[in-house]
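First comes the structure, then the notes that go with it.
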Amino acid sequence: MTKGQKIALAVILSTPVIIGGILIALTSDSTVSGFSAISSKKIGQVEISDVIYSSDEYIRQLRELREDNSIAGVLLRIDSPGGAVAPSQEIYEEVMRFREDKKPLVVSVGNMAASGGYYIASPAGRIFASPGSVTGSIGVIMSFTHYYKLLSKIGVDIEVMKAGELKDVGNPNRAMTPREKIYMQSMLDDIHMQFIEDVSRARKIAIDSLIPIADGRIFTGRQAISARLIDTLGSYEDALAYIKDITGVSRKSAVVEKKKPEGFLKRLLYEEVFDKIPFLKRAASPAGSYFLYDIPSIN
């Protein structure tokens, strides 16, 4: 074998080693004996934004991260005014499972985590919010729109036949009776107490101490500290640094982000139509009771 052939063979044999070393260096979180080693632990991230109408996708994302042994902890980013009652409660229970499984989960509040958004945040190991973030709003709301006065003006009469006095509570074609109002209020009061009890359990705040501030009022992040509704004033970056530090994950480590898949048509409708015409977005919402803070518009 000539000298040139020996050099060529050496280059060929050493190339995989060189490439492997480069890949390790580029993807590493720690260094051992001058060579980088791939870290097996990462931080997972889930983002909950806008009004919550369904829990399925968020629960799937959270569960995947909770059951993934390569994920050391999870950062839950919330920017939501709340949403439907049952989905909020279902996501709350999934967040509670992180505590039961002893896998750290930290919440970072964006512009808002109010009502159902706060419900979901409350079981977190630590809640971060900016001083001007909006949170709290521990309350329940249900609204009814009645058309019967308008219909009567155009000569339309709708007749409903039913078995059961309360079967058509909230019928838009007539006013509610006093009994119906009492019935609906009792239902909302029960849901409200469920909210209070769950926040009390998650935040370890006595119910008697929580009730005076659980009247639907909102708090700034700074006010929420005094009310014990959040733990730390800080940004998304502060929350991310914290979860990496308590789990021993390098601050240079990449975050595994879970994102909700959306079709082009749905995204187009929401971004270009519903978001720009608020009453259409509200009209498209499923009927029912909500943990929802209705954001006033400023024009």
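General remarks:
- The phi-based Karplus calculation (6.51 cos²θ - 1.76 cosθ + 1.60; θ = phi - 60°) puts the 3J(HN,Hα) values of the stretch 143-157 at 10, 10, 10, 10, 10, 5, 5, 5, 5, 5, 5, 9, x, 9, 10 Hz, whole numbers, x for Gly and Pro.
- Considering only Cα atoms, the convex hull volume of the stretch 90-145 works out to 87 Å³ per residue.
- Within-11-Å neighbourhood charge of I127 [Cβ basis; K, R +1; D, E -1]: +2
- For the pair S250 and D215, the difference between a 0.36 nm per residue extended length and the Cα-Cα distance amounts to 8.4 nm.
- Note on N173 and Q194: with the Förster distance fixed at 30 Å, the Cβ-Cβ geometry gives a FRET efficiency of about 0.45.
- Across the stretch 198-212, coupling constants 3J(HN,Hα) worked out from phi with the 6.51/-1.76/1.60 Karplus curve, θ = phi - 60°, read 5, 5, 4, 5, 6, 9, 6, 10, 4, 4, 4, 7, 7, 3, x Hz, and Gly and Pro carry x.
- Short-range pairs are left out: with C-alpha atoms under 8 Å and at least six residues apart, the relative contact order of the stretch 101-229 is 35 percent.
- Annotation: amide H of S49 within the under-5 Å range of D79, sequence separation 5 or more or interchain, hydrogens built in the peptide plane.
- Separation between Cα centres of the stretch 187-209 and the stretch 94-110, rounded to whole Å: 19
- Nitroxide proxy distance, nm - points 7 Å out along Cα→Cβ at I158 and M187: 1.7
Since every read-out is calculated from the coordinates, none of them should be taken as a lab result. Because the structure is a prediction, the values reported are computed rather than measured. Neighbour counts run over all protein chains shown; Cβ positions are idealised from the backbone, glycine included.
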